[in-house]
Structures are given as structure tokens and as C-alpha cells.
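The values are calculated or read from the model by the stated rules, or taken from the named source; none is laboratory data. Bear in mind the structure is a predicted one, so any value in this text is a computation, not a measurement. FYI the Cβ positions are ideal-geometry reconstructions off the backbone, even for glycines, and counts take in every protein chain you see.
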Amino acid sequence: CLESLIRIVALIQLRKITICSDIPQTEKKGKIQQIKYLIQMIHSVLCWISEKRLRMYMRTLRMWPLFLCDPLQKWMKFQRDFENFKTACIPWEMKIKEIESHFGSSVASYFIFLRWMYGINMIIFGLTFGLVMVPEVLMGKPYGTLPRKTVPRAEERTAMNFATLWDFSGLAQYSVLFYGYYNNQRTIGWLKFRMPLSYFLVGVGTIAYSYMVVIRTMARNANEEGGGDDTSFNFSWKMFTSWDYLIGNPETADNKFASITTSFKEAIVEEQENRKEENIHLTRFLRVLANFLALCTLAGSGYLIYFVVRRSQKFALEGLDNYGWWERNEVNMVMSLLGMFCPTLFDVISSLENYHPRIALRWQLGRIFALFLGNLYTFIIALMDEINLKLEEEKIVKYNMTIWEASLYNGTIPENATAPPIQVDPADVPRGPCWETMVGQEFVRLTISDTMTTYITIIVGDFLRAVFVRFFNYCWCWDLEYGFPSYSEFDISGNVLGLIFNQGMIWMGSFYAPGLPAINVFRLHTSMYLQCWAVMCCNVPHERVFKASRSNNFYMAMLLFILFLSTLPAVYTIVSIPPSFDCGPFSGKIRMFEVISETLENDFPSWFGKVFSYASNPGLILPFILLMV
């Protein structure tokens, strides 16, 4: 009996140590129930032990549990330190935890999503940089040896000007950043590296990898959501079990205190929303009015984009050299300005609906998503029109090149003389418009303008606004902190949709601009630090702090949808539009995807090509896709 009693007391102390650790509340409930059961067992054991015998072994009873628990405590401390080490190895984990403790899980969910997007873009950048850009630089022909790798003679004077490079023209246009620089040689270098095949497979592989990662993340998040939350005695559990008694760092203690305070605010908002009574007829009227205003805003922005695109086509036909900087970049600037001001307007409209903050955030995300999607596809339609113009211009250039080549070789020499070989500098060779490079330039410019707009918004709308409120509040006519303009709140919906919209541009444009993933990685890296600093220094928590959902599946669903819509234009250009005749790795082919059939014919046995042609038959692919769906 005594040995049983010793084991029971040791188990009780072990359960106490476990309860003090950072575990979910449902597990704490189970441990407390186990302690109650063990205490009842102690009482039953004590009934069988006499008082004299109990006094005799009291010292042993006190020493044995300590002897048993000391190595357990050391082991649990080691596990805790190891978990802290793993947490410290996660990029920006401590910054995100600090933001979550002060601003709630809803704001932290954006930074978690931003970190996840950074990881995906690092993989895309690694594939593009390692399998496309580096082989071309190391094994391909150097700059100046081919017309596609040489600045034309007419552009040499301004090729290195800052305004030209900022517009990604001049020397930047004829570099590894864009599609047109790459040669169409089947193999390059002593490794016989197949550049056209690698370029095509990397472009397709990055899209396939993105699909796989997004769908896998959504499935994992759905499994994590299955358990649900136990909200019984929610405030009591937060009051008595939230504090971690093993904290020894003052800064960590302050963050934990702020986190507990924020969790109470989130729980209070949830309870208020559950008990809220509302006038159903007035609420329905206001929600219908809000949706009508949102639709008017979307229609107005779509018409504005359409009007600007038509103007840009007119400018392109008349020659962009006759116009200034604004006319050349009007489409990009208008799209960036709409993306900056329309979310604020939607935020004002959403105040009429009186939704739960979490539901209001989803409505806000949906409206901004519709805005960005309309802007993006209007931009794509404009690009398609420009591609058609470039193809018509290419036909004229090919005809003129035939006449130019004939003029080189048609001449009169003496009957017994030998003509020297005709040598033409690559800078003097006429060349086509290369519509692929034009598309890549447009996506790079749009990414850069969107990035600059975001950074200017942070500096002006957050930092300078906070400085003005902080230092002019004492000498102003009203209270600037609680009135207009006040400190800004972090715009979750606008930032999330801006991130998704930017990623859609990367997926569409990286095939025509291999350097675009590198630009996006730099953008995401700087955005993490700049936005973390702006949130902690310039923003205040939302007036109604609410608890975010346990996963970012709503973000992932929008990302999957934009990935699908971003794939369609790229697939259309690969399958339907002929590549340029004098630039890029697919020049000389009727369609880009012919590089696959060429590889099968030259590098594989004939039977393998037949098997592949049968397997790629639409009669087999379509039923397989339907079966998967």
C-alpha cells in the first residue's frame, strides 16, 4: 500500500507540472480530472494504513516524490528549451508573437500569411535562378554576340540613363531579366544544357508546385479545424490557467501579459456578438444599401480602368515618345491608386452592415478581391490587344528584313575577284518587337509601382500621420488621438488582398520575366520588416479586437482562385500564340510547347514518343480530370 501511495503522489506532482506548462485548455481539464481521481485513490489507500505506520514512513513519503520528480522536471525543462530553440529558428516568429500579443490574432494572421508567401517565392526564385538564369549567364553566348543580346544602335545613347533603366528598358531590357535575352540553341555549354526545355519545364513546374503547396496547406488547415473550440467557462479558464509560471524574462512576461489582455478583449467581443439584439429590418436595409454602394464602386473602377486602357492604346499607336512620364505609366499608376483608395472606401461602407468583425473582414476581403480581379483582367485584356499589335508589327519587320538581307548580298564585283564575307554588327541588325519581353516589362513595372505605392502609403499614411498626432495633439483645437485623424489601424483586408494580387502578377509574369521572382522576394523581405515596424510604432489595435479563425483557409481559398485565374492567360499564350521569330528560347517554333515534342523525337526512343502522344490524347485526359474532380 505504501508503494502505491508513493507512486500516486508522484503522479499528482507530475500532473501539476504538466498543468503549469503551455498546453491547450482541453488537456488541462483532463489532467485536473486525473488529479481528482488520484486524490480519491489516496484517501482509499490511507484508510488501509494505520497512523503509526504512516508516521514511520512519512519521511520516505516526502523524499520519494521529490526523487522521482527532479529528473522529470529537468527533462521537461530540456524539452521546453528545445521547443524555444526551434521557435527561435523560425523566421520572424518572435516578431509575429509580439504583434499577436499587442494586436490580436487577426493582425498576426496577415504576417503569418506573408511569411508563408515568402517561403513559396523563395522556392520559385531558386528554381528560376538555378535552372534558367545561371546556366544562361555561365554557358550561353555573352552579351553583344547576338542581336537579341545587344542594345540596338538607335538606343545606345540612352541605354544607361536612369529614367531608361527605371522603366526597365535599355540595357535592362537586353539582360537575363527578360525572356528575349535567352538563346534558342537546343544545347549550350560543355554540359550540353538544354536551355529551351529547362525554361519551359521551370515555367510549368513553378505553377504545378504552387498548386500542390496551396492545396496541401488548405487540407492540413481543414484537418486542424476539425476539433473545434471548447468555450465552457471560457473566462474562468483564461483567468486561472493563462499565465506561464516558468517565465523568467521580464520582456517575455510583458508580452505574455499583453497577450492575455488581448485574449480577454477577443473573448468579450465574441460574447457581446452572441448576446447582441438588432433590428432585423433596419439591418437588412443597411446591408442592401452597402452592397449597392460597393457594386457602384466596382463598376466605376472598372470603367476607369477601361477608359485608361483605351487611352494607352491610342498613345501607343501615336508613339509613346511624344508623351510624358504620366502618359507612359498611366495604367499602372491608376491601378495602384485604385488599390490604395478603394479599400478605404469599402471599409467605410462596411460600417453600415453591423456584421461580426470576423464576418465583416470576409466581406471586405471579397469586395477588394473583386476590385483587384477586375483591374487585373482589364490589364490582361489590354496586354492581349498590345500583343496583337506586336504580331502585326512583326510581320512587317520580317518582310523588311527579307529586303534588307537581299540588299546585303546583291552587289556587283569584278569577274575574277572574291568577295569578302559580309559582317554586320549585332547592334545594326533589324529586329522584331518581341512581344514576350513587352509583357514581362509590363508586369515588372506594375510590380514596382505597386511596391512603391505600398511603401509610400506606410510612410505617409502611418508614420507621418502618427508623428503629426503625437506632437500636435497638445496644441490643437480638438483631441487628435480620439478624433480626426487619430492613429491609424492596420488594414488587414487591404494588405492581404494586395499580397494575393501581387502574387497573381508574379505567377503570370515570371514566364516572360525570369527576374520577376527575385524582385518579389526582395519586396516581401523588405515588406516584412517595414510593416512590422509600422504596426508596432505607428498603429493602434483595432477598436474591436476579434479572434481570427484557427487557420488561414479563407486566405488560401482566394489565393487558389487567383492562381487558377493567373494560369489561364499563361496557358493561352503558350498554346495559341506563336512565339517571336528572333528572341527568346522558343524562337523559330510555331508554338512554345513544341519543345516537348522536339525533345521526345531527338532524345528518347520512338516507342516512348508514341506512348506519350497516346497518353496526352484529350480523350484520356478529360475523363481523368473529371475522375479527379
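Here the helices (runs of 4 or more DSSP H) wholly within region 121-233 that include at least 2 residues being in the same structural domain as S449 (by TED's automatic domain parsing) and at pLDDT 85 or above are 134-139, 195-225.
The rows are residues; the columns are (1) over 15 Å from the mean Cα position of the chain (by Cα); (2) closer than 30 Å to G205 by Cα; (3) assigned by TED's automatic domain parsing to the domain that holds A557; (4) of a type in the set (G, A, S).
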| position | (1), (2), (3), (4) |
| --- | --- |
| F471 | yes, no, yes, no |
| D491 | yes, no, yes, no |
| N495 | no, yes, yes, no |
| W507 | no, yes, yes, no |
| Y512 | yes, yes, yes, no |
| L524 | no, yes, yes, no |
| Q531 | no, no, yes, no |
| V535 | yes, no, yes, no |
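Among the residues of region 606-619, are any modelled with pLDDT under 85, among the hydroxyl-bearing types (S, T, Y), out of contact with any Cys (no Cβ under 8 Å at 6 or more places or on another chain) and part of a loop (DSSP other than H, G, I, E, B)? Yes - at least one qualifying residue is present in region 606-619. When you check V545 against the structure, is it more than 22 Å from V444 (Cα to Cα) and either crowded, with 18+ Cβ neighbours inside 10 Å or modelled with pLDDT under 85 (or both), yes or no? For V545, the condition - more than 22 Å from V444 (Cα to Cα) and either crowded, with 18+ Cβ neighbours inside 10 Å or modelled with pLDDT under 85 (or both) - is met. The combined condition, being farther than 24 Å from M558 by Cβ and not in a helix (DSSP H, G or I), is not fulfilled by K86.
Considering every residue within region 102-120, establish whether at least one is surrounded by fewer than 14 Cβ atoms within 10 Å (Cβ to Cβ) and modelled with pLDDT of 75 or more. Looking for residues that are surrounded by fewer than 14 Cβ atoms within 10 Å (Cβ to Cβ) and modelled with pLDDT of 75 or more, one finds at least one in region 102-120, hence yes.
Only one of the numbered conditions (1) in contact with a Pro (Cβ under 9 Å, 6 or more places away or on another chain); (2) surrounded by 20 or more Cβ atoms within 10 Å (Cβ to Cβ); (3) aliphatic (A, V, I, L, M); (4) under 28 Å from L563 (Cα atoms) is violated by I96, and that is (1).
Restricting attention to region 176-199, the residues being surrounded by 13 or more Cβ atoms within 10 Å (Cβ to Cβ) and more than 15 Å from M438 (Cβ to Cβ) number 16.
From L320, L286, which residue is in the same structural domain as R445 (by TED's automatic domain parsing) and either closer than 26 Å to I492 by Cβ or at pLDDT 80 or above (or both)?
Testing whether each residue is in the same structural domain as R445 (by TED's automatic domain parsing) and either closer than 26 Å to I492 by Cβ or at pLDDT 80 or above (or both) leaves just L286.
Comparison of W116, W75 shows that the only residue that is in a helix (DSSP H, G or I), aromatic (F, W, Y) and more than 20 Å from the chain's Cα centre (by Cα) is W75. When V204 is tested against the conditions (1) over 25 Å from I574 (Cβ atoms); (2) surrounded by 14 or more Cβ atoms within 10 Å (Cβ to Cβ); (3) without any contact (Cβ under 8 Å) to a residue 12 or more places away in the chain, the lone failure is (1).
Tell me, yes or no, whether region 293-302 has at least one residue that is of a type outside the set (A, V, I, L, M), part of a helix (DSSP H, G or I) and modelled with pLDDT under 70. No, every residue in region 293-302 fails to be of a type outside the set (A, V, I, L, M), part of a helix (DSSP H, G or I) and modelled with pLDDT under 70. Only one of the numbered conditions (1) hydroxyl-bearing (S, T, Y); (2) crowded, with 21+ Cβ neighbours inside 10 Å; (3) in a helix (DSSP H, G or I) is violated by Y512, and that is (3). For the structure I just gave you, tell me whether Y482 is free of Cβ contacts under 8 Å to residues at least 24 places away in the same chain, surrounded by fewer than 18 Cβ atoms within 10 Å (Cβ to Cβ) and in contact with a Lys or Arg (Cβ under 9 Å, 6 or more places away or on another chain). In short, no.
Residues of region 80-130 that are of a type in the set (V, I, T) and in contact with an Asp or Glu (Cβ under 6 Å, 6 or more places away or on another chain): T87 alone.
Apart from one condition, I403 fits all of (1) of a type outside the set (S, T, N, Q); (2) in a helix (DSSP H, G or I); (3) modelled with pLDDT of 80 or more; the exception is (3). For region 103-113, the criterion of being touching a strand residue (DSSP E or B) at 6+ places or on another chain (Cβ under 8 Å), of a type outside the set (S, T, N, Q), part of a helix (DSSP H, G or I) and within 30 Å of L365 (Cα to Cα) is met by at least one residue.
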